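Novice: Have a look at this one before I ask anything.
The values are calculated or read from the model by the stated rules, or taken from the named source; none is laboratory data. All figures in this text were calculated on a predicted structure; none of them were measured in a lab. Glycine gets a Cβ as well: all are built from the backbone with ideal geometry, and neighbour counts include every protein chain shown. Side chains are part of the model used for accessible areas, which takes the heavy atoms of the whole protein and leaves out ligands, DNA and RNA. Shrake-Rupley method; radii C 1.70, N 1.55, O 1.52, S 1.80 Å.
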Amino acid sequence: MSRIGYKVIKVPAGVEIALKDNVVTVKGEKGVNEVRIPEFISLDMSTENEIHVKRANELKATKQLHGTTRSLLYNAIVGVSEGYTIKLELIGIGYRAAMDGERVILEVGYSHETSVSPVPGAVITVEKPTLISVTGHNKQAVGQTAAEIRRIRPPEPYKGKGIKYVDEVIRRKEGKRAGA
């Protein structure tokens, strides 16, 4: 049984939290996030700089949403104070990326260029022609944008070509010739 919901959330300095009509608004230097709280989950913000997430009953659905709500609230707080970053790497001969306004233009072995626009809440930057960085204050938006970029050309296991996360490990396979 998970005990995530019982963990206390520490609120860093510079983050404002407001609760109105079961919607928590989290404001910080990076932006504003909103989290919807189910009616059978309550927040105890009586102590300064700490939030306790409490549940009204012991039903299975309530227990499941207890930890989920706590995680969503914690991710919103971290997003507006520190932000999230995912880096992607292009591996392959002639593979490169370039910016066109907010969109990123990818040349990854197709006969045409492919463009990807960021999800609202995320920003795409090209650090090098083979290194893309997705940053933002919304964890879901950053992850979704990075996944859409990776989906254009996922890494393949034989030569390792494609778009991969920087910390991702690609399990390589032998070719036909190597096994003979």
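Novice: What residue, among those in the range 100-110 that are out of contact with any Phe, Trp or Tyr (no Cβ under 9 Å at 6 or more places or on another chain) and open to solvent by less than 60 Å² (accessible area, probe 1.4 Å), is nearest to Lys30 (Cα to Cα)?
Specialist: Step by step, filter the range 100-110, then rank; the result is Val104.
Novice: I would also like to ask the following. Filter the range 111-168 for residues that are in contact with a Lys or Arg (Cβ under 6 Å, 6 or more places away or on another chain), hydrophobic (A, V, I, L, M, F, W, C) and crowded, with 20+ Cβ neighbours inside 10 Å and give the result.
Specialist: Ile163
Novice: Select from the range 1-31 the residues that are within 20 Å of the chain's Cα centre (by Cα), free of Cβ contacts under 8 Å to residues at least 60 places away in the same chain and open to solvent by 50 Å² or more (accessible area, probe 1.4 Å) and write down the one among them that is farthest from Leu59 (Cα to Cα).
Specialist: Glu29
Novice: Looking at (1) in contact with a helix residue (DSSP H, G or I) (Cβ under 8 Å, 6 or more places away or on another chain); (2) over 23 Å from Ala122 (Cα atoms), can you tell me which one Val15 breaks?
Specialist: Just one mismatch for Val15, condition (2).
Novice: OK, next. Which condition number does Gly83 fail, the rest of (1) open to solvent by 40 Å² or more (accessible area, probe 1.4 Å); (2) at positive phi being met?
Specialist: The single condition Gly83 does not satisfy is (1).
Novice: Just to be sure before I move on: is Thr68 open to solvent by 50 Å² or more (accessible area, probe 1.4 Å), at negative phi and either among the β-branched types (Val, Ile, Thr) or at pLDDT below 95 (or both) in the structure I sent?
Specialist: yes
Novice: Moving to a separate point now. Go through the range 50-64 and count every residue that is open to solvent by 60 Å² or more (accessible area, probe 1.4 Å) and either under 22 Å from Lys139 (Cα atoms) or part of a helix (DSSP H, G or I) (or both).
Specialist: Of the residues in the range 50-64, 3 are open to solvent by 60 Å² or more (accessible area, probe 1.4 Å) and either under 22 Å from Lys139 (Cα atoms) or part of a helix (DSSP H, G or I) (or both).
Novice: Would you mind telling me which numbered condition in (1) within 29 Å of Thr135 (Cα to Cα); (2) in a strand (DSSP E or B) Ser42 fails?
Specialist: Only one criterion is unmet by Ser42, namely (1).
Novice: Which of the residues that make up the range 33-66 are touching a residue at least 60 places away in the same chain (Cβ under 8 Å) and within 18 Å of the chain's Cα centre (by Cα)?
Specialist: If the condition is that a residue be touching a residue at least 60 places away in the same chain (Cβ under 8 Å) and within 18 Å of the chain's Cα centre (by Cα), then Asn33 is the only one that fits.
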